[in-house]
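Participant: Quick one: structure below, then a few questions.
The values are calculated or read from the model by the stated rules, or taken from the named source; none is laboratory data. In this text the structure is predicted, and so the values were computed from the model without any measurement. Glycine gets a Cβ as well: all are built from the backbone with ideal geometry, and neighbour counts include every protein chain shown. Surface accessibility is based on the protein's heavy atoms, side chains included, excluding ligands, DNA and RNA. Shrake-Rupley method; radii C 1.70, N 1.55, O 1.52, S 1.80 Å.
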Amino acid sequence: MTARPPAPPQVMSRWLTFLFAVAAGAAVGNLYWAQPLLDFIADDLGASTAIAGWLVTASQLGYAAGILLLVPLGDVLNRRKLIPIMMLCSAAALVLCAVAPSFGVLLLAITVLGVTTVSGQILTPLAGDLADEAHRGRVVGTVVSGILTGILVSRTISGLVAGTAGWRTIFVLAAAVAVLLSLLLYRAIPPLAPKTRVAYPALIASVAAVVLRERSVRWTLVLAATGFAAFTMFWTALTFLLSGPPFHYPVSVIGLFGLAGLAGALAAQRAGRLHDRGWSLPATGATWVLTLIAFVVAAFAGRSVVLVLVVVVVLDAALQAHGILSQTRVFAVSGEARSRLNTAYVTCNFIGGASGSAAAAVLWSAGGWTAVAIAGVVLSCVALTVWAVGRRGPLVVGRSATIDQAGPTPATETTSRA
């Protein structure tokens, strides 16, 4: 019988959890520095605002490529070295963004930044590896909340810094933060041997293989993608709502609504504890009930900023809690393949998010805010139906899937397969 490799030491202290959350949030936040600065950048580099919009698209496409091509390396390389190296690469890309002499150079630099700033998605499964099983949900929930906070806060920080010191300054500051965090992480992450040895082509192919093998993963990914589609659909349409009648808010004010979403993100942070207590599936159903209620209220909130704020907080708390529960449940399937599972999870979320954003534009043109709210109700009902059908079977992670460090044994590995 082949000896299994020893499990990594359970060293996920509160300090290390906090450091992972900050580093993951800073990494993902790199994707959003340019988003509120497109007018500034366009004026400085002699480009139109429409052309400048390609900066956001390029960073997202680069990020998608990095998720697919780089994040699976977390299962086969020493992450104590891999994560700091990725952060230093993103720091170099940030510096190139800061000194870009032309729009073309900036477009290239921000694409490279998207590819390299995936360390947050390597840190998340690493946090799951280092945490003991009794606290894994809490730890992963905290790190994912760091990512969500980074997304929400980066837009606000970017606008404030650029307004006083110019748009290039934010990229310089972000580069300095990336270098500092890479040093802290290199010192803080314990030495870890690679979990498995797989040739790179086979590694990438195994991302799809593990999804096809595990029925619970497929069902969870459907719910996760639906949740992120609803999330991006709402936030995209909210920009349309707040910029038009009756509100007519400027971009600076619209960005502050992200802080209301931050309250929801903080409220969702404790969702991982529900997983630790064995309540993952009941809590998932509850998040979709809250989402349904939020969209029903949203249908009547088109002229009330107070109701809009209530919907923002409730919807963000529900859908972000749902995301944490889904990701933690996916991580429970296999300790050996967590980075690849995270690749599948984030990729499906990316597809769902892109679909939600596109749907928001179409729905707004067809029926305005009411059409978006109705679509949210429909998505919530579909998700609740999937949850109700799957909660006693397909969504349940099999007993074999909880063997976190060594992977399933031949005797039990079929438990959670289709």
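Participant: Take S304 and tell me if it is free of Cβ contacts under 8 Å to residues at least 12 places away in the same chain, open to solvent by 20 Å² or more (accessible area, probe 1.4 Å) and polar (S, T, N, Q). Let's see the steps before the verdict.
Facilitator: Working: free of Cβ contacts under 8 Å to residues at least 12 places away in the same chain: yes; open to solvent by 20 Å² or more (accessible area, probe 1.4 Å): yes; polar (S, T, N, Q): yes.
When the stated conditions are applied, S304 passes them.
Participant: If you scan the range 16-70, which residues turn out to be part of a loop (DSSP other than H, G, I, E, B) and surrounded by fewer than 16 Cβ atoms within 10 Å (Cβ to Cβ)?
Facilitator: Across the range 16-70, the qualifying residues are G46, S48, G53.
Participant: Here is a follow-up. Out of the residues in the range 171-190 meeting the condition of being within 21 Å of F40 (Cβ to Cβ) and over 22 Å from the mean Cα position of the chain (by Cα), tell me which one is surrounded by the fewest Cβ atoms within 10 Å (Cβ to Cβ).
Facilitator: Checking each candidate, the answer is A176.
Participant: Does the range 210-230 contain at least one residue that is at pLDDT below 90, of a type in the set (S, T, Y) and open to solvent by less than 40 Å² (accessible area, probe 1.4 Å)?
Facilitator: Checked the range 210-230: no residue is at pLDDT below 90, of a type in the set (S, T, Y) and open to solvent by less than 40 Å² (accessible area, probe 1.4 Å).
Participant: Take V312 and decide whether it is out of contact with any Ser or Thr (no Cβ under 9 Å at 6 or more places or on another chain) and farther than 22 Å from A225 by Cα.
Facilitator: In short, no.
Participant: With respect to G62, determine if the residue is of a type outside the set (K, R) and touching a Gly at 6+ places or on another chain (Cβ under 7 Å).
Facilitator: yes
Participant: Another question about this same structure. Mind checking whether some residue in the range 267-276 is surrounded by 20 or more Cβ atoms within 10 Å (Cβ to Cβ), part of a loop (DSSP other than H, G, I, E, B) and in contact with a Ser or Thr (Cβ under 7 Å, 6 or more places away or on another chain)?
Facilitator: Looking for residues that are surrounded by 20 or more Cβ atoms within 10 Å (Cβ to Cβ), part of a loop (DSSP other than H, G, I, E, B) and in contact with a Ser or Thr (Cβ under 7 Å, 6 or more places away or on another chain), one finds at least one in the range 267-276, hence yes.
Participant: Return the total of residues in the range 74-93 being in contact with a helix residue (DSSP H, G or I) (Cβ under 7 Å, 6 or more places away or on another chain), outside any loop (DSSP other than H, G, I, E, B) and of a type in the set (V, I, T).
Facilitator: 1
Participant: To continue, here is another question. Quick check: anything in the range 35-52 among the polar types (S, T, N, Q) and closer than 17 Å to L108 by Cβ? Step through it out loud before you land on a result.
Facilitator: At the first step, the residues of the range 35-52 found to be among the polar types (S, T, N, Q) are 35, 48-49.
Next cut, closer than 17 Å to L108 by Cβ only: none.
No, the range 35-52 contains no residue that is among the polar types (S, T, N, Q) and closer than 17 Å to L108 by Cβ.
Participant: Scan the range 1-22 and report the pairs whose first residue is on the phi > 0 side of the Ramachandran plot and modelled with pLDDT of 85 or more and whose second residue is open to solvent by less than 70 Å² (accessible area, probe 1.4 Å) and of a type in the set (K, R), with Cβ atoms within less than 8 Å and a gap of 6+ or a chain change.
Facilitator: As it stands, the answer is none, since no pair meets every condition given.
Participant: Within the range 224-257, restricting attention to residues that are in contact with a Leu (Cβ under 8 Å, 6 or more places away or on another chain) and among the aliphatic types (A, V, I, L, M), which residue is farthest from V386 (Cα to Cα)?
Facilitator: V253
Participant: Can you tell me which residue is surrounded by the fewest Cβ atoms within 10 Å (Cβ to Cβ) among those in the range 347-400 that are touching a residue at least 24 places away in the same chain (Cβ under 8 Å) and touching an Asp or Glu at 6+ places or on another chain (Cβ under 9 Å)?
Facilitator: That would be G398.
Participant: How many residues, within the range 265-318, are under 21 Å from D132 (Cα atoms) and not aliphatic (A, V, I, L, M)?
Facilitator: Number satisfying all stated conditions: 10.
Residues are listed down the side, and each one gets a yes or a no for (1) closer than 24 Å to A317 by Cβ; (2) buried (at least 24 other Cβ atoms within 10 Å of the Cβ):
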| position | (1), (2) |
| --- | --- |
| A92 | no, no |
| A100 | no, no |
| I110 | no, yes |
| G120 | yes, yes |
| G128 | yes, yes |
| H135 | yes, no |
| G141 | yes, yes |
| V144 | yes, yes |
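Participant: For the range 140-190, how many residues are farther than 30 Å from G335 by Cα and of a type in the set (S, T, Y)?
Facilitator: Qualifying residue count, the range 140-190: 5.
Participant: If I go through the range 41-75 residue by residue, how many of them are farther than 15 Å from V118 by Cα and modelled with pLDDT under 90?
Facilitator: Of the residues in that region, 16 qualify.
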